[in-house]
Amino acid sequence: MEKAADCIPIKSNDWNYEISCYDGSRYTVDLRTHICSCRRWELCGIPCKHGMSAICAQMLDPDDFVNSSYHVNTYYKVYEPAMMPMNSNRLWEKTGYIPPLPPHFGEKEEDQRRQENHLQMKTRKKRRKETRKRKG
């Protein structure tokens, strides 16, 4: 709120403002779409100082302009389903299948690169031998 005092809102229409800051910068704010040209409001979902300046100029409630993901009700909805506890893997039912192996990241790519490099080296050596035979 304090930083919003550094901005002067200039009303364009009911929802659009041009915000002039003391450092000489200017921004456009659209209260209907919750967009400021500084992009901070869009990125974090909380009104930036330019947006707050426009909200305060219309004497609106800032909470109405915060993204719903920050609301307490949304938090409760997200965490409402309980995570059911699990038994230790010692108590799991035996299926008779082979247990899955962990993934091997990057090994295939490295092996493939090594094989390609090895083939390139072989090809170079063959060319050198052929060139030497021709010369000699």
**Item:** residue 16-residue 74 FRET efficiency (beta carbon distance; Förster radius 25 Å; 0.05 resolution)
**Value:** 0.35
**Item:** Accessible area of residue 38 in the full protein assembly, 1.4 Å probe (Å², nearest 10)
**Value:** 50
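When the helix-only estimate is applied to the chain (DSSP H runs of n ≥ 4, each -39,500 (n - 2.57), divided by the residue count), what is the mean residue ellipticity at 222 nm, nearest 500 deg cm²/dmol?
Details: 4 runs with 50 residues, N = 136.
Calculated from helices alone, the mean residue ellipticity at 222 nm is -11500 deg cm²/dmol.
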**Item:** Residue-normalised accessible area of segment 1-116, given per residue in Å² at a 1.4 Å probe
**Value:** 86
**Request:** Report the net charge of residues surrounding residue 30, where surrounding means a beta-carbon distance below 13 angstrom and charges are Lys +1, Arg +1, Asp -1, Glu -1.
**Result:** 0
**Asked** Considering the chain as a Gaussian network with a 10 Å cut-off on Cα pairs, which listed residue, 93, 18, 116, attains the greatest mean-square fluctuation?
**Response** 116
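Tally Lys and Arg at +1 and Asp and Glu at -1 over the other residues with C-beta under 11 Å from the C-beta of residue 20: what net charge comes out?
Working: positive: 26; negative: 6, 18, 23.
Local charge sum for residue 20: -2.
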**Asked** Calculated from the structure, Rg/Rh (Cα atoms, Kirkwood Rh) equals which of [x] 1.47; [y] 1.02; [z] 0.94?
**Response** [x]
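Report the semi-axes of the equivalent ellipsoid for segment 60-136 in whole Å, largest first, where each axis is √(5λ) for an eigenvalue λ of the Cα gyration tensor. Let's see the in-between values first.
Numbers: eigenvalues 774, 184, 6 Å².
Equivalent-ellipsoid dimensions as semi-axes: 62, 30, 6 Å.
Want the number for residue 58 to residue 46: 0.36 nm per residue separation, take away the alpha-carbon distance, what's left? It would help to have the intermediate numbers written out before the result.
Values: separation 12, 0.36 × 12 = 4.32 nm, distance 1.74 nm.
Difference between extended and current length: 2.6 nm.
Which net charge results when you count Lys and Arg as +1 and Asp and Glu as -1 among the other residues whose beta-carbon is under 14 Å from that of residue 69?
Values: positive: 77; negative: 42, 63.
Residues near residue 69 contribute -1 overall.
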**Request:** Quick one: accessible surface of residue 88, probe radius 1.4 Å, all protein chains present, in square angstrom to the nearest 10.
**Result:** 60
**Asked** Given a Förster distance of 41 angstrom, what is the FRET efficiency for residue 35 paired with residue 105, based on the Cβ-Cβ distance and rounded to 0.05?
**Response** 0.55
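What longest region of the chain stays clear of chymotrypsin sites (Phe, Trp or Tyr not before Pro) that DSSP places outside H, G, I, E and B and that have at most 10 other Cβ atoms within 10 Å?
Numbers: sites that count: 22, 79, 92, 97, 105.
By the stated rule (loop sites, at most 10 other Cβ atoms within 10 Å), 23-78.
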**Message:** Below 22 Å, Cα to Cα, which lysines can residue 122 reach? Residues fewer than 8 away in the same chain don't count.
**Reply:** 108, 133, 135
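The values are calculated or read from the model by the stated rules, or taken from the named source; none is laboratory data. Predicted model only: the values in this text are computed from it and were never measured. Cβ sites come from the backbone with ideal geometry, for glycine too, and all protein chains shown count toward neighbours. Surface accessibility is based on the protein's heavy atoms, side chains included, excluding ligands, DNA and RNA. Shrake-Rupley method; radii C 1.70, N 1.55, O 1.52, S 1.80 Å.
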